[in-house]
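The next block holds one structure in the form of structure tokens; read it before the comments.
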Amino acid sequence: MTAKRILFIGGTGIISSESVSRALDAGHDVSVLNRGTTGIRPLPNGARSIVADVRDAEATRAALDAAGSDYDVVADFLSFTPEHVQAGVDRFDGRVGQYVFISSASAYQTPPSRLPVVESTPLRNPFWQYSRDKIAGEDLLLAAYRERGFPATIVRPSHTYDRTLLPTLGGWTDIARMRAGKPVVVHGDGSSVWTITHSRDFAVAFVGLLGNPAAVGDVFHITGDHSPTWDQIYRWLGDAAGVEPELVHVASDTIAAVHPAWGPGLIGDKSHSMVFDNSKVKALVPEFRTTVTFDEGAREILAWYDAHPERQIVDAEADAAYERILALPRS
């Protein structure tokens, strides 16, 4: 494999940080453009830091010019609206061999009319503006590819996590309630299945697509093949936390009515069973597979939080919302 000059826009997030590390391990020349505030995921040794706010066009242009290189690949983890995507197209048109836009599997038809979801499943999410903005960004990129050959690749992750991300509605608040012996609210009846992917597994497929000419002009979702039920997810977290959680099942619509901030991501994503066919990305990256299932991932998450008590933050608003939900009459 020929080493590529790769620019990550972002590079220190849950999804992107593992991809940066894997790209370096693969021998690529890696640069990371962000504001320089790496937080809990510092850049690994060997990654070149380019400091600029990508929303500041002039500062970004100056920083990239000072870095003095065009790139074989730009991996954009920080575009969330079509305006963001257009800025990327304008910035890199004619200067990059492949521009990878990180979209979202939540862009798929919601709820899906059939499973497993494939890349040709229609895109439509009437519940979540985030997803509609990703769809609009995809439309813009595909038009640029069709009309003038802009070398776009679209990647749709599903629920991807690392040791810092609790996948439940309330995050650490749910773990705190479990350990305090309080009931924990689970949406629906807990039996819907949910594809959840560790960022280390995601990175294998993602880096395998970078610089691959067969990926240009095409769309791939990258998810694991591991789809536990939500009850399993909560019980594995409870087991990792050293308790047997009391799970109370509540309709998603009811949860969203009591705590509207949860509504878009719940009604527009998590309340529906989602299973994906990954054969398309595996055809290009045959080494991609699920190596971390969530029973293991839950132990990794709880070990990290127990080692970082300053991160064990209970959201008082979420906790109060749970109490209001639990006080409602249930059949």
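None of the figures in this text is laboratory data; all of them are computed from the coordinates on show. No experiment lies behind these values; they were computed from the predicted model shown. Glycine also receives a Cβ, built like all others from the backbone with ideal geometry; neighbour counts cover every protein chain displayed.
What to note about this one:
- Which of Phe220, Ser252, His272, positive extreme of dipole for the stretch 214-281 (C-beta unit charges): Phe220
- Cα gyration tensor category, rounded, prolate or oblate, for the stretch 16-88 with a/c compared to 1.5: prolate
- Across all directions, the shadow cast by the convex hull of the stretch 278-331 built on its C-alpha atoms averages 7.8 square nanometres.
- Cα-based Lys proximity count in the chain, under 28 Å, for pairs eight or more positions apart or on separate chains: 9
- Each helix, a run of at least 4 DSSP H residues, gives -39500 (n - 2.57); summed and divided by the residues of the chain, these come to -11000 deg cm²/dmol at 222 nm.
- Ascending count of other beta-carbon atoms within 10 Å, so fewest first, for Ser49, Ser131: Ser49, Ser131
- Taking a point 7 Å out from the Cα of Phe80 in the direction of its Cβ, the residues of the stretch 107-146 whose backbone N falls within less than 12 Å of it are 129-131, 133-134.
- With contacts taken as Cα pairs under 8 Å at a separation of at least 6 residues, the stretch 91-211 carries a relative contact order of 29 percent.
- All Cα pairs of the stretch 180-236, percent lying beyond 14 Å: 66
- Out of every Cα-Cα pair that the stretch 184-331 contains, those further apart than 23 angstrom amount to 49 percent.
- Prolate/oblate/rounded label for the stretch 205-258 (Cα gyration tensor, a/c 1.5): oblate
- Cα gyration tensor of the chain - equivalent ellipsoid semi-axes, whole Å, descending: 35, 22, 19
- Computed from the C-beta positions of Asp90 and Ala66 and an R0 of 30 Å, the FRET efficiency is 0.95 to the nearest 0.05.
- Rounded, prolate or oblate (a/c below 1.5 giving rounded, otherwise prolate when a/b exceeds b/c) for the stretch 239-322 by Cα gyration tensor: oblate
- Membrane-span-like helices in the chain, defined purely by DSSP H runs whose alpha carbon atoms cover 20 Å or more axially and whose average Kyte-Doolittle hydropathy reaches -1.0, are 129-148.
- Kirkwood-based Rg to Rh ratio, the stretch 77-119, C-alpha trace: 1.12
- Computed over the stretch 131-177, Cα set: Rg, Dmax in Å: 17.3, 54
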